[in-house]
1. List every residue pair whose Cβ atoms lie under 7 Å apart, where the two residues are 6 or more positions apart in sequence or sit on different chains, the first residue falls within segment 38-63 and is open to solvent by 60 Å² or more (accessible area, probe 1.4 Å), and the second residue, located anywhere, is of a type in the set (Phe, Trp, Tyr) and outside any helix (DSSP H, G or I).
2. Any residue in segment 20-37 that's closer than 13 Å to Phe7 by Cα and open to solvent by 100 Å² or more (accessible area, probe 1.4 Å): show its pairings with residues that are assigned to a loop (DSSP other than H, G, I, E, B) and at pLDDT 90 or above at Cβ separation under 9 Å, as long as the two are six or more apart or on different chains.
3. For Phe193, all conditions in the list (1) farther than 18 Å from Gln137 by Cβ; (2) at pLDDT 90 or above; (3) open to solvent by 30 Å² or more (accessible area, probe 1.4 Å) hold save one; what is the number of the exception?
4. Kindly indicate the residue of segment 64-97 that is among the small types (Gly, Ala, Ser) and free of Cβ contacts under 8 Å to residues at least 24 places away in the same chain and also surrounded by the most Cβ atoms within 10 Å (Cβ to Cβ) among those meeting that condition.
5. Please determine whether any residue of segment 136-156 is part of a strand (DSSP E or B), among the hydrophobic types (A, V, I, L, M, F, W, C), without any contact (Cβ under 8 Å) to a residue 24 or more places away in the chain and crowded, with 16+ Cβ neighbours inside 10 Å.
6. Run Asp78 past the list (1) at pLDDT 95 or above; (2) outside any strand (DSSP E or B); (3) over 22 Å from Glu59 (Cα atoms) and report the number of the one that doesn't hold.
7. What number of residues in segment 45-61 are among the aliphatic types (A, V, I, L, M) and modelled with pLDDT under 85?
Amino acid sequence: LEDGEPFDVEMPVIRNDGGERWVHVRGARKRRGEDSFVLTGTLQDITSRREVEQTLEEERKVLRRMYRITANRDRSFDEKVGELIDLGRSYLGLPYGHVARISGDTQEIKYARGGHPMLSPGKSCPLSQSYCRKTIQQEGLLVVQNAPDEGWEGDPAYEVFGLGAYVGSKIQVGGDVYGTFCFSAEEPREKPFTEQEKTFVELLTLWARYE
């Protein structure tokens, strides 16, 4: 109002209920009387657009990080898989990640991060008590957003592991099932898994199969 310069900015605003929205604001000074001015302009809610842009940027960062890890010839498979599990835990917002080997009727955890007592390297259980038994039956991913709401209560896997959210894919080598690549959490997930998140898990599985 003092300088008379028009402006065109994007900025966050805090609503009365505490929620944050992003807005695109354009404004300019307009004379009102001989010695007074008013500010006129427009305000547009661009929260959805900003969220899409942020999601795309996060995906680009994750894919770049994945490429750097997998392309590093100085790192062993054990080192790479550990870093990829940590990358997945961060990207998916799930505390547990593991690679399981399936042999006959047994599931054995080969690599794991997150500290779940049943999902640590060397731990094994009957395949009939694991989520992996259903993962290897899927053509694609096994995706569980909210286990109790999706009928998992009473299932041996839910009773043994207590996982409310899960996403996993089978690793096939030479047409045979080697095991699974999975991420999970004890609490159900608030939002459904996006197509981009599912693709991320599929890419990890393809890399593991190749290695």
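1. Qualifying pairs under 7 Å: Arg50/Trp22.
2. Arg26/Pro6
3. Single failed check for Phe193: (3).
4. Per the criteria, the residue is Ser90.
5. Yes, segment 136-156 has at least one match.
6. (1)
7. 2
The values are calculated or read from the model by the stated rules, or taken from the named source; none is laboratory data. The structure presented is a predicted model; accordingly, all values stated were derived computationally and were not measured. Virtual Cβ from ideal backbone geometry, glycine too; neighbours counted across all protein chains shown. The protein model used for the area step is the full one, side chains on, heavy atoms only, and it has no ligands, DNA or RNA in it. Shrake-Rupley method; radii C 1.70, N 1.55, O 1.52, S 1.80 Å.
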